[in-house]
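The values are calculated or read from the model by the stated rules, or taken from the named source; none is laboratory data. What you see is a predicted model, and the numbers here were worked out from it, not measured in a lab. Here the Cβ positions follow ideal geometry from the backbone for every residue, glycine too, while neighbour counts run over all protein chains shown. Just the protein is used for accessible areas: all its heavy atoms, side chains included, with ligands, DNA and RNA removed. Shrake-Rupley method; radii C 1.70, N 1.55, O 1.52, S 1.80 Å.
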Protein chains: 2
Amino acid sequence: MKDYIKYHEWQIIEEGFDPENNRISESIFSIGNGKMGQRANFEEKYSGDSLRGSYVAGIYYPDKTRVGWWKNGYPEYFAKIINSTNWIGINISINGQELDLAETKVHSFKRILDMQHGLLTRSFVAELKNGNQVEVKSERFVSIDNTAIGALRYSIKAINFSGEISISPYLDGDVFNEDSNYDEKFWIEVSKEVDGNEGYLTLETLKTEFQVCSAMSFQVQKNGEKEIAKPVNSVREKYVEAKQLLNVKSGDEVVIEKFSATISSFDYPKNKLVETAKESINRATTNGFDSLFENHKNLWLKKWETSDIQIEGDVAAQQGIRYNIFQLNQTYSGEDERLNIGPKGFTGEKYGGVTYWDTEAYCLPFYLSTAPAEISKKLLLYRHNHLSKAIENAQNLGFNNGAALYPMVTINGEECHNEWEITFEEIHRNGAIAYAIYNYINYTSDKEYLAPYGFEVLLGISRFWSQRVNWSEDKQKYVMLGVTGPNEYENNVNNNFHTNYIAVWTLKYTLEVIDYLKKEFPYLFEELISKWKFNELKETGRWKNIIEKMYFPFDSKNNVFLQQDGFTDKELIPVSELSDEDQPINKKWSWDRILRSPYIKQADTLQSLFWFENDFSEQELKKHFDFYEPLTVHESSLSPCVHSILAAKIGYEEKSYDMYLRTARLDLDDYNNDTEDGLHITSMGGTWMSIVMGFGGMRVNESRLLFNPFLPGKWKSYKFKIDFGGAHLEVKKEQNNFIIVNHSDITVPVSVWNVEVQIQGNSKLEFKK
Amino acid sequence: MKDYIKYHEWQIIEEGFDPENNRISESIFSIGNGKMGQRANFEEKYSGDSLRGSYVAGIYYPDKTRVGWWKNGYPEYFAKIINSTNWIGINISINGQELDLAETKVHSFKRILDMQHGLLTRSFVAELKNGNQVEVKSERFVSIDNTAIGALRYSIKAINFSGEISISPYLDGDVFNEDSNYDEKFWIEVSKEVDGNEGYLTLETLKTEFQVCSAMSFQVQKNGEKEIAKPVNSVREKYVEAKQLLNVKSGDEVVIEKFSATISSFDYPKNKLVETAKESINRATTNGFDSLFENHKNLWLKKWETSDIQIEGDVAAQQGIRYNIFQLNQTYSGEDERLNIGPKGFTGEKYGGVTYWDTEAYCLPFYLSTAPAEISKKLLLYRHNHLSKAIENAQNLGFNNGAALYPMVTINGEECHNEWEITFEEIHRNGAIAYAIYNYINYTSDKEYLAPYGFEVLLGISRFWSQRVNWSEDKQKYVMLGVTGPNEYENNVNNNFHTNYIAVWTLKYTLEVIDYLKKEFPYLFEELISKWKFNELKETGRWKNIIEKMYFPFDSKNNVFLQQDGFTDKELIPVSELSDEDQPINKKWSWDRILRSPYIKQADTLQSLFWFENDFSEQELKKHFDFYEPLTVHESSLSPCVHSILAAKIGYEEKSYDMYLRTARLDLDDYNNDTEDGLHITSMGGTWMSIVMGFGGMRVNESRLLFNPFLPGKWKSYKFKIDFGGAHLEVKKEQNNFIIVNHSDITVPVSVWNVEVQIQGNSKLEFKK
């Protein structure tokens, strides 16, 4: 846990330079535009501890699996979105001495991430060993208007000397991943060129053979006058540079504007990369920094119009929630159905930037409510596009007849993870992917998604569940053996409640979808039957049998469903009785002790109760919450949001707020001491859910928005924006009021505290309770 | 499965050279003497596929753990007995052309391992590319008389040419392990020298800093005349060589005798290694090949006197069992309590040559019955010496108060294995170590072992069990959660019958031992109480409570104890109904499919029934055998022997013989296609048990030998040797007779087919049934 970020409503502020925090700040101040991401590395050389990271969406390397003991079915590789060409770099020398904050005295260091406008700035005064002092200011953004473009402005003011400043902007592709399994470098050079103020560098990934062309251009001014001397160009392998020398006297200010264009074979033919990059960089240079930034800034302001949450009376909370929304919007923009949301986005190497079930379970609701439906639809199409790979994956594990098991971790539909208890057993992910289809349609009413896309995925998943259960002669029930639930502190258990529940739910929902398709799209459904060799009578017959006879472990003493068979054989000592020395258990205890303990890493049984709350009475929800919450250590960042929402649902308002606090500033305060690895992007969706679905009590039911809001005791008010059925709503909870403003022409049916009402277009309704 | 080894009662014979089988033969024809081992690599260069292996007992490298996903508690390294200086090497050139069987035509290739005398010979005719033909014969052994010494005689006969033969004996320490986790070499050079016909090379292991000095000397003769020309010496890093050139004409025979001495810091101070090696090699050279061999051979003949098994009427079985006995005796000689028995002995890299529970469970009975008690005692002392490390290991996992968990895999008492489901959970190994103490004392009557050694180990293990169980409120019983039984096709299960059973057994036995010590060694026991801070009343009180209230999963439908909780939730389809395509399942199925299946890799519940057969009625044994055997795939080489013995016990003679056949020639026939990795040394102990305890029905009960023999249908007779209470017995089963010959002066009480009788010294008794 750290505490060095200053509170501000719209800005993330760091004052003073502490090398100890550098990797953390590099993560926190990351910028991105959905197509690329850049850690907050310095432009100038930095020889201190740093994790350099420039990431390009979709450009990955299949790093050969590292494993101690191979198990049949393990994947050959782990895909990683890899560190790519450093486009921000500018080497600076002052009278022959290199500017390197690890080697100089640093004063007045300040870093600001302006979330409202999407701009990272940094300023400091450096005193070099030769006594020369410079004042440096940098501004940087990656454009959300033109996602190929990165731009920065870097100014150096000579404070107390005259002499020569050397400025060498460069492109460096000779980079590596710290997490490379076998210390390989992943890039080879294809071509390069540098001429005057322009240069480009094309690299290709090994094995996957992606090409990325990075182009740069720059302009230097001294005291506002453009510098026209031709720079000295130089190259070496995977590197181009242009060096400009300037004579300065005390008080002079030198400013460099550097632009980059990143064009990859993910979007363009390989033989067009250089050409496209050159065109791109030329346009950017012509427009200039200010004009590029203006377009970028305006788009950010528009994003905030549909996604902002305002909190009055708690600036730390305000900063926290805006930071989460900002980073979610920086990570995924929904323009490309081949892209998805990595747990760390583009802010570090951990988890390889690839896709987990986090997307469906924790991120989809945010995009559903703050962006047009087609954005969320892209996330669904991503999985639909991977259906054949999911079927292949299931085949590799011994399933057949089109059963689909989506990977635990993937970038292209193929499984990447290699822990047997997760890869093969954490199969509830399949349910999350099915649930996302339901969630999307419930929110958007886009039922037509089912015919060409949704049904096929549901069929594959239902077939998987149908084969994955087996009949227990002993129990005279269907059972599901050898699974790992969302709580990864239990492995290879039998009859995990959540997994069994979502399996049955998937089967039921698929049956509903079949009824719908038969009614609405009878001819198309016939085609689907034939395409998928779907033996409706036989297959749905088995499904119905499973739905009827599925086993759910139940404890009649506590009147709760059990997380898995045998859970009550454990010593159920609440977390509150653990000593501080024991926590976090994932740091303090051996793995087997964790496994034998009753402690829950993240919502598991409660995940089902959250998703399927209408299947349970409020009393049942309470019983389960009261049973599981005291045993939950929340050592996953994805856990507290679910407990927060459930607590709100059952009226535990204080608990709900406590849970919210555990993730709201997770990265800003480096709560888990791991922000240096990158940001917890997907958990940010959970924090958003805590406010909107927890405090706001927002649900959607049959095209109606429901709210059951409350105001956390410490806040004066909160307000959030919702896109729903084409309408833009602003929803505000104050001490005694609940206000909905409809900023569109569309009438929206809502229910507030169980009172149903229509909100006319461009009107405002105020509720009291 | 291969079928190229020729049948012979005393010899292992390969005829014809097939490079495809080379690695397999290198394993099969391995020689060793308990202090070192040597794969059957060629003396001359071989550029074809080969696994070079020269191993020195106790000399290991802690290879850094390779793991995909770290779990708290994993060890930092995996200890490996490493490939060390190649002392057999002789480069041969014929008229400038190198002799290399990968590059020449090979005729009349023959390799023979003479098990009776411990001699490996090889002969062939090679036709080089230049047309020169040579006839080569080599003989090689590692002395069991002087375990530092290896010796070889290598003769080359010029068949069809005149010219020059170059002979370059060398020592090569620039060797590597194929299984190095990070492609490191493990040795650095300390010193070397070569002068005339002698050379030495001292190397040191990285990290562990063991030093090994290898010395060589050699003599060359031509047509029986000693060659006196001084050889040309050369060195490079970690390598010394002496080259001798000889002019030959057609029909000439050149013979080189090469000796090596291997002296390590495991046995000598580092500053004495070179001196000791030189003395050793000088003595060996003075004695000469024939004299060294004579002593070696005579000791082998003596070993056979106490350990041979003779089978009449089945030469394949005869060869198989002798091969197993031979390799066991080559691997462990019981001279050093710091040494143990690796699953592959000194015959390959797999399993690192380090210690598993195999030793206690499968090897101890062989050494108990075929060697003096002090040999087996060394195996027990090995674990006693590691007690403090076992306590530390348990502490690392969160146990306290002197609880001891012996490692799954170790060389020095520290855990080396890194699969959580095994490292942390396959804890029945602790029970095997306790059981070995009982087994040793039961066999040898050496109860005095308990006071200084046995009790301490039992106390540590009992304390572990006492903490490892927990009270289930639900069951009102003690349970043991999250374990892996001997059947590694189930992981992280609850209440594994075998583990629970052996835990309770350990507690009971420790209580018995305490009673004995209090009676026989009251003062010593007081000291032990104080040394171990043993709160007898409180601790044994809890033990008794656990003994009384331990939970054992039981299936009342089938009237059998279940391997673990929930076992009958599985679909119990017998192995016989699996298609051939599905087997072996460890090759054909994904890991999760294996885990969900009911199939048993190796005896698990039946392991308890084998060890504790007297706790069960014959009907109970049958019920369990009938339930579990049809579900057992025996994909561990350690499985069939237990089934074989149990089958014999309950009168399933044919089944017993079938099971015996599955391991008797495991390596000779490369049954599992993995002999190239090394031999299944520890399973060889199981094969021996199948005959003696299975067919012979031998048991020991209160200082009495019991026999319930039968003769497998295809055999004419079998005969085995037994050391018991100082007496040497020869036990023979013929068609209608059972004969015991007592070759000692000691009277031995026996029971044959439940009839009790005393066998007087130097007498013979014949039984009929």
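For residues that are among the β-branched types (Val, Ile, Thr) and touching an Asp or Glu at 6+ places or on another chain (Cβ under 9 Å), scanning just region A:359-382, find the one that is most open to solvent (accessible area, probe 1.4 Å). Out of the qualifying residues, it is A:375. The single residue among A:340, A:385 that is open to solvent by 10 Å² or more (accessible area, probe 1.4 Å), under 30 Å from residue A:661 (Cα atoms), touching a residue at least 24 places away in the same chain (Cβ under 8 Å) and not aromatic (Phe, Trp, Tyr) turns out to be A:340. If you go through region A:5-22 and keep only what is assigned to a helix (DSSP H, G or I) and either among the aromatic types (Phe, Trp, Tyr) or open to solvent by 40 Å² or more (accessible area, probe 1.4 Å) (or both), you end up with A:19, A:20. Does residue B:66 satisfy the condition of being open to solvent by 20 Å² or more (accessible area, probe 1.4 Å) and either within 14 Å of chain A (Cβ to nearest Cβ) or β-branched (Val, Ile, Thr) (or both)? Yes.
If only residues of region A:562-602 that are of a type in the set (A, V, I, L, M, F, W, C), in contact (Cβ under 8 Å) with a residue 40 or more places away in the chain and in contact with a Phe, Trp or Tyr (Cβ under 8 Å, 6 or more places away or on another chain) are counted, the one that is nearest to the other protein chains (Cβ to nearest Cβ) is A:595. Number of residues in region B:118-152 that are under 32 Å from the mean Cα position of the chain (by Cα), surrounded by fewer than 18 Cβ atoms within 10 Å (Cβ to Cβ) and not in a strand (DSSP E or B): the value is 1.
The residue that is farthest from the other protein chains (Cβ to nearest Cβ), counting only those in region B:456-481 that are of a type in the set (Val, Ile, Thr) and within 26 Å of the chain's Cα centre (by Cα), is B:457. The condition (being touching a Gly at 6+ places or on another chain (Cβ under 9 Å), open to solvent by 40 Å² or more (accessible area, probe 1.4 Å) and in contact (Cβ under 8 Å) with a residue 60 or more places away in the chain) is satisfied by just one residue among B:53, B:37, B:32, B:96: B:96. Identify the residue in region B:275-297 that is among the polar types (S, T, N, Q) and free of Cβ contacts under 8 Å to residues at least 60 places away in the same chain and, among all such residues, is nearest to residue B:728 (Cα to Cα). The residue in question is B:291.
Here residue A:725 meets each of (1) loosely packed, with under 14 Cβ neighbours inside 10 Å; (2) closer than 18 Å to residue A:370 by Cβ with one exception, condition (1).
Is region A:422-431 home to any residue that is of a type outside the set (Ser, Thr, Tyr), closer than 27 Å to residue A:680 by Cα and open to solvent by 10 Å² or more (accessible area, probe 1.4 Å)? Yes, region A:422-431 contains a residue that is of a type outside the set (Ser, Thr, Tyr), closer than 27 Å to residue A:680 by Cα and open to solvent by 10 Å² or more (accessible area, probe 1.4 Å).
Filtered by the rule that a residue be more than 14 Å from chain A (Cβ to nearest Cβ) and among the hydrophobic types (A, V, I, L, M, F, W, C), region B:376-401 gives B:379, B:380, B:381, B:387, B:390, B:391.
Residue check: is residue B:518 at pLDDT 95 or above, over 30 Å from residue A:481 (Cα atoms), outside any helix (DSSP H, G or I) and more than 14 Å from every other protein chain (Cβ to nearest Cβ)? Considered against the rule, which asks whether it is at pLDDT 95 or above, over 30 Å from residue A:481 (Cα atoms), outside any helix (DSSP H, G or I) and more than 14 Å from every other protein chain (Cβ to nearest Cβ), residue B:518 comes out as no. With the structure loaded, tell me whether residue A:559 is in contact (Cβ under 8 Å) with a residue 24 or more places away in the chain, at the interface with chain B (Cβ under 10 Å from one of its Cβ atoms) and open to solvent by 20 Å² or more (accessible area, probe 1.4 Å) or whether it fails that test. Considered against the rule, which asks whether it is in contact (Cβ under 8 Å) with a residue 24 or more places away in the chain, at the interface with chain B (Cβ under 10 Å from one of its Cβ atoms) and open to solvent by 20 Å² or more (accessible area, probe 1.4 Å), residue A:559 comes out as no. When residue B:77 is evaluated against the numbered criteria (1) at pLDDT below 95; (2) in contact with a helix residue (DSSP H, G or I) (Cβ under 9 Å, 6 or more places away or on another chain), which criterion, by number, is the only one it fails? Unmet for residue B:77, out of (1) at pLDDT below 95; (2) in contact with a helix residue (DSSP H, G or I) (Cβ under 9 Å, 6 or more places away or on another chain): (2).
Restricting region B:205-243 to residues that are under 30 Å from the mean Cα position of the chain (by Cα) and part of a strand (DSSP E or B), the residue that is surrounded by the fewest Cβ atoms within 10 Å (Cβ to Cβ) is B:205. Take the conditions closer than 25 Å to residue B:484 by Cα and either within 14 Å of another protein chain (Cβ to nearest Cβ) or touching a Ser or Thr at 6+ places or on another chain (Cβ under 7 Å) (or both) and apply them to residue B:544. Does it pass? So residue B:544 does not fit the description; no.
Checking residue A:552 against (1) more than 11 Å from chain B (Cβ to nearest Cβ); (2) open to solvent by 70 Å² or more (accessible area, probe 1.4 Å), which test does it fail? Residue A:552 satisfies every listed condition except (2). Close contacts from region A:68-83, counting a first residue that is over 18 Å from residue A:347 (Cα atoms) and a second that is basic (Lys, Arg) and open to solvent by 10 Å² or more (accessible area, probe 1.4 Å), with Cβ to Cβ under 6 Å and a gap of 6+ residues or different chains, come to A:68/B:66; A:77/A:64. Checking each residue in region A:81-106 for being under 21 Å from residue A:19 (Cα atoms) and either among the hydrophobic types (A, V, I, L, M, F, W, C) or assigned to a loop (DSSP other than H, G, I, E, B) (or both) picks out A:88, A:89, A:90, A:92, A:99, A:100, A:101, A:102, A:103, A:104, A:106. Residue B:453 meets each of the listed conditions (1) of a type in the set (Phe, Trp, Tyr); (2) away from chain A (no Cβ under 14 Å); (3) open to solvent by less than 30 Å² (accessible area, probe 1.4 Å) apart from (3).
Residue count for region B:575-623 under the criterion of being surrounded by 18 or more Cβ atoms within 10 Å (Cβ to Cβ), of a type in the set (Asp, Glu) and assigned to a helix (DSSP H, G or I): the result is 1.
Contact map, region B:495-510: residues that are among the charged types (D, E, K, R) paired with residues that are assigned to a helix (DSSP H, G or I), Cβ distance under 8 Å, separation 6+ or inter-chain. Pairs shown: B:508/B:547. You will find that of B:741, B:752, B:731, the residue that is more than 28 Å from residue B:9 (Cα to Cα) and aliphatic (A, V, I, L, M) is B:752 and no other.
Matching residues to (1) open to solvent by 30 Å² or more (accessible area, probe 1.4 Å); (2) under 22 Å from residue A:54 (Cα atoms); (3) in a helix (DSSP H, G or I):
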position	(1), (2), (3)
A:245	yes, no, no
A:262	no, yes, no
A:271	yes, no, yes
A:274	yes, yes, yes
A:277	no, yes, yes
A:295	yes, no, yes
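Within region B:470-490, the set of residues being more than 17 Å from residue B:632 (Cβ to Cβ) and open to solvent by less than 10 Å² (accessible area, probe 1.4 Å) comprises B:472, B:479, B:480, B:481, B:482, B:483.
Surrounded by 24 or more Cβ atoms within 10 Å (Cβ to Cβ) and part of a strand (DSSP E or B) - does that describe any residue in region B:350-358? Scanning region B:350-358, I find at least one residue that is surrounded by 24 or more Cβ atoms within 10 Å (Cβ to Cβ) and part of a strand (DSSP E or B), so the answer is yes.
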